[in-house]
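Chemist: After the structure tokens below, expect a handful of questions from me.
The values are calculated or read from the model by the stated rules, or taken from the named source; none is laboratory data. Here the structure is a predicted model, which is why all the values come from computation and not from measurement. Using ideal geometry, Cβ is built from the backbone for each residue, glycine included, and neighbour counts are taken over all protein chains shown. Side chains are part of the model used for accessible areas, which takes the heavy atoms of the whole protein and leaves out ligands, DNA and RNA. Shrake-Rupley method; radii C 1.70, N 1.55, O 1.52, S 1.80 Å.
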Amino acid sequence: MSEIELDPGADPGRAERARKLFSGPIAFLKSAPALQHLPAPSAPEIAFAGRSNVGKSSLLNALTNRNGLARTSVTPGRTQELNYFDVGEPLIFRLVDMPGYGFAKAPKDVVKKWRFLINDYLRGRAVLKRTLVLIDSRHGIKDVDRDVLEMLDTAAVSYRIVLTKADKIKATELEAVQAATEAEARKHPAAHPQVIATSSEKGMGIAELRTAVLEAVES
Ligand SMILES: Nc1nc2c(ncn2[C@@H]2O[C@H](COP(=O)(O)OP(=O)(O)OP(=O)(O)O)[C@@H](O)[C@H]2O)c(=O)[nH]1
Ligand SMILES: [Mg+2]
């Protein structure tokens with residue numbers, strides 16, 4: 001047996017590969033308003049889930065360093081379909097921007113339609129490698145988020161909690177919310193135990209999240 005212990009999870013080249021991949025070719029593929037419009041399951045998928053307005057589309061833009069690739073808005077309810085983006089040429093994986101959940105102001109039937117679309121996609125998509133569940137740093141995990149976390153646990157869909165809008169609170173508050181969120185994540189069987197704090201506005205945590213996405217794709 002070797003004297004040197006290697007961490008099997010560590011891959012020193014991954015961060016650089018992730019950086020290159022996210023600065024290379026990335027293109028909008030299609031919008032799917034219902035499951036029958038999903039593309040053929042020919043590549044791994046990474047999905048962005050979270051409450052309306054939490055910053056899903058902004059995070060996708062920050063990761064890909066392309067403003068306006070995914071449409072964002074100050075008004076909740078901007079993203080209304082599953083929006084697919086191809087990463088790499090040839091294709092390596094796909095990013096899937098989703099509508100938000102927990103948007104009380106939208107008409108009831110619309111909220112219901114989005115909820116079914118999100119739940120059916122998350123539970124049934126075999127090529128879904130990991131879901132990023134976004135939580136606003138200012139608010140922490142809410143009951144509506146817990147419902148989604150439990151659904152993902154039950155469906156055994158691997159996910160990672162990502163705090164957004166970290167620029168909006170003080171560093172000490174961020175540390176506290178990150179610790180509390182990680183404590184809760186550790187209780188969920190399908191959750192990654194580490195929580196990444198990000199700011200799409202300031203670029204915080206973006207390089208780390210790119211590496212985490214590639215790690216999920218390659219796992
Ligand atoms: N300060 C700050 N604002 C952010 C950040 N990320 C997103 N926002 C703002 O939050 C608002 C909502 O962002 P979106 O990315 O559209 O949110 P979403 O989760 O995609 O929203 P829906 O598609 O409606 O579900 C926009 O006004 C963004 O500019 C961030 O890191 N910092
Ligand atoms: Mg959006």
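Chemist: Based on the Kirkwood radius over alpha-carbon pairs, what value in µm²/s does the Stokes-Einstein equation return for the translational diffusion coefficient of the chain at 25 °C and 0.890 mPa s?
Modeler: Value of D from the Cα-based Kirkwood radius: 139 µm²/s.
Chemist: Moving to a separate point now. Please give the contour-minus-distance gain from Lys168 to Lys142: 0.36 nm per residue of separation, less the Cα-Cα distance, rounded to one decimal in nm. The partial results should precede the final answer.
Modeler: Working: separation 26, 0.36 × 26 = 9.36 nm, distance 1.81 nm.
Extending this stretch completely gives an extra 7.6 nm.
Chemist: While we're on this one: Nearest 20 debye, what's the magnitude of the dipole of the chain about its Cα centre given +1 on Lys and Arg Cβ and -1 on Asp and Glu Cβ? Before the final figure, lay out the partial values.
Modeler: On the way: 31 positive and 27 negative charges, 201 e Å.
The dipole magnitude comes to about 960 debye.
Chemist: Rounded, prolate or oblate for segment 57-101? Axes are the square roots of the Cα gyration tensor eigenvalues, ordered a ≥ b ≥ c, and the cut-off for rounded is a/c under 1.5.
Modeler: Working: a/c = 3.06, a/b = 1.67, b/c = 1.84.
Oblate, because a/c is 1.5 or more while a/b does not exceed b/c.
Chemist: Stokes-Einstein D for segment 118-179 at 25 °C, 0.890 mPa s, Kirkwood Rh over Cα pairs, in µm²/s?
Modeler: Rounded, D is 193 µm²/s.
Chemist: For the chain, what relative contact order do you get, as a whole percent, if you take Cα pairs closer than 8 Å and at least 6 residues apart?
Modeler: Relative CO of the chain lands at 23 percent.
Chemist: Taking all protein chains in place and a 1.4 Å probe, what share, in percent, of the accessible surface of segment 3-218 do carbon and sulfur account for?
Modeler: The value for segment 3-218 is 52 percent carbon and sulfur by accessible area.
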